[in-house]
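The next block holds one structure in the form of structure tokens; read it before the comments.
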Amino acid sequence: MSPQAMKSVLVLMSTLCAVGGLAQVAKLYGLAISLENAKKAAAAALAEARQNHWEMAVAVVDPSGNLVYYERMDETQMGSANVAVGKARTAALFKRPSKVFQEGVQSGKGIQVLGLEGAVPIEGGVPLVMDGKIVGAIGVSGDTSENDGLCALAGAAVLK
């Protein structure tokens with residue numbers, strides 16, 4: 001392995017340790033989430049948003065970060081569309097909630113996250129796990145990142 005490749009691996013390893021530990025990376029990827037299950041997860045996230053009078057955009061991606069399903073409530077800010085997709089991709093590609101990256105950046109210990117291509121360090125992205133394997137991820141945006149995270153967790157909970 002070249003010195004540059006080794007350096008990249010060490011930086012990534014230290015970043016993963018700083019923002020959530022390597023134990024969280026151990027989950028395996030499964031088959032891609034079905035459209036039916038993606039819609040179930042999105043519906044649960046949007047139900048949580050409606051119950052709290054939050055306007056949200058919801059994106060569900062497969063394990064590779066490809067969009068499977070997207071829905072936006074009528075009054076949601078337009079910028080939330082891309083943010084929701086980004087949060088979902090972050091959770092799928094890095095096998096952890098996007099909140100972990102947010103906390104790392106906030107603490108100053110995970111500033112390297114800002115250099116990870118495709119990582120959105122904002123709460124609201126959560127891996128979707130079925131039968132112990134990551135089948136995709138859900139990303140929610142439209143309100144505070146904490147409220148986005150609550151809706152994403154509600155969406156993820158219906159698939160367990």
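Could you list all residues from the stretch 126-156 that are outside any strand (DSSP E or B) and either farther than 13 Å from Pro97 by Cβ or of a type outside the set (Gly, Ala, Ser) (or both)? Spell out the reasoning first.
Step one: of the stretch 126-156, the residues outside any strand (DSSP E or B) are 131-132, 142-156.
Scanning the stretch 126-156 gives Asp131, Gly132, Gly142, Asp143, Thr144, Glu146, Asn147, Asp148, Leu150, Cys151, Leu153, Ala154.
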Please state which of the following conditions Asp143 fails to meet, knowing it meets all the rest: (1) within 16 Å of Ala84 (Cα to Cα); (2) within 14 Å of the chain's Cα centre (by Cα). (2)
Scope the stretch 132-150; condition of a type in the set (A, V, I, L, M) and in contact with a strand residue (DSSP E or B) (Cβ under 6 Å, 6 or more places away or on another chain); matching residues: Ile134, Val135, Ala137, Ile138, Val140
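Among Val105, Val158, Val126, Val85, which is under 16 Å from Ala42 (Cα atoms) and over 14 Å from the mean Cα position of the chain (by Cα)? I'd like the intermediate steps shown before the answer.
Details: Val105 fails: under 16 Å from Ala42 (Cα atoms); Val126 fails: over 14 Å from the mean Cα position of the chain (by Cα); Val85 fails: over 14 Å from the mean Cα position of the chain (by Cα).
Going through Val105, Val158, Val126, Val85 in turn, just one is under 16 Å from Ala42 (Cα atoms) and over 14 Å from the mean Cα position of the chain (by Cα): Val158.
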Here is a list of conditions, (1) closer than 26 Å to Gly30 by Cα; (2) crowded, with 18+ Cβ neighbours inside 10 Å, and Arg72 meets all of them except one; can you say which number that is? (1)
Can Ser107 be described as touching a residue at least 12 places away in the same chain (Cβ under 8 Å) and hydroxyl-bearing (Ser, Thr, Tyr)? no
Exactly one condition in (1) under 11 Å from Ala91 (Cβ atoms); (2) out of contact with any Gly (no Cβ under 6 Å at 6 or more places or on another chain); (3) part of a loop (DSSP other than H, G, I, E, B) is not met by Glu123; state its number. (2)
Filter the stretch 49-63 down to the residues that are surrounded by fewer than 20 Cβ atoms within 10 Å (Cβ to Cβ), touching a residue at least 24 places away in the same chain (Cβ under 8 Å) and farther than 19 Å from Met78 by Cα and list them by number. Asn52
State whether one or more residues within the stretch 110-124 are under 21 Å from Arg50 (Cα atoms) and modelled with pLDDT of 95 or more. yes
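The values are calculated or read from the model by the stated rules, or taken from the named source; none is laboratory data. This one's a predicted model, so the numbers in the text were calculated from it and none came from an experiment. Note that each Cβ is placed from the backbone with ideal geometry, even for glycine, and that neighbours are counted across all protein chains shown.
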